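Written below as structure tokens is the structure these notes are about.
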Amino acid sequence: MSNRWVSGIIIGIFVVELLLMASPIGEKWMVICPFHQLTGWDCPLCGGQRMVASILQGEWTEAYNYNRLLFCALPLILLGVVRLLFPDYANRHPHYTLAVLFTDRALLVYLIILLLWGIIRNYI
């Protein structure tokens, strides 16, 4: 096991433990969205911190209600993080890491979806 794997696992466990101990739902330590403060609208990422905190506490339905798009995109986000942490593996095995989902064109599509979600979520 390489040093990168070990450090990634240790840091991941540490972060999860901190978040679980903090019980962040309703706490004041979360970052306030500047877009929401200025406009009163929810940005595409609003609710993301509460969503992660709810997932860590096992409250999946509540997490889904905080930000539906991010919740549904979690597998893709996690795969992207794995690809960033282990680029050698991702380059050797592009089919296993679904490299086609991380092309420039795909990232542009994700950006458009994110912008549309920011508009739609304020009118639903």
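No lab work stands behind these numbers, since they all come straight from the coordinates. Keep in mind the model is a prediction, meaning the values are calculated, not measured. Here the Cβ is made from the backbone with ideal geometry for all residues, glycine too, and neighbour counts use every protein chain on show.
Of note:
- Ranked by the mean number of other Cβ atoms within 10 Å of their residues, highest first, the peptides 42-50, 67-75, 110-118 fall in the order 42-50, 67-75, 110-118.
- Taking θ as phi - 60° and the Karplus parameters 6.51, -1.76 and 1.60, the scalar couplings of the stretch 40-53 work out to x, 8, 7, 7, x, 9, 4, x, x, 5, 5, 4, 4, 4 Hz in sequence order, x denoting glycine and proline.
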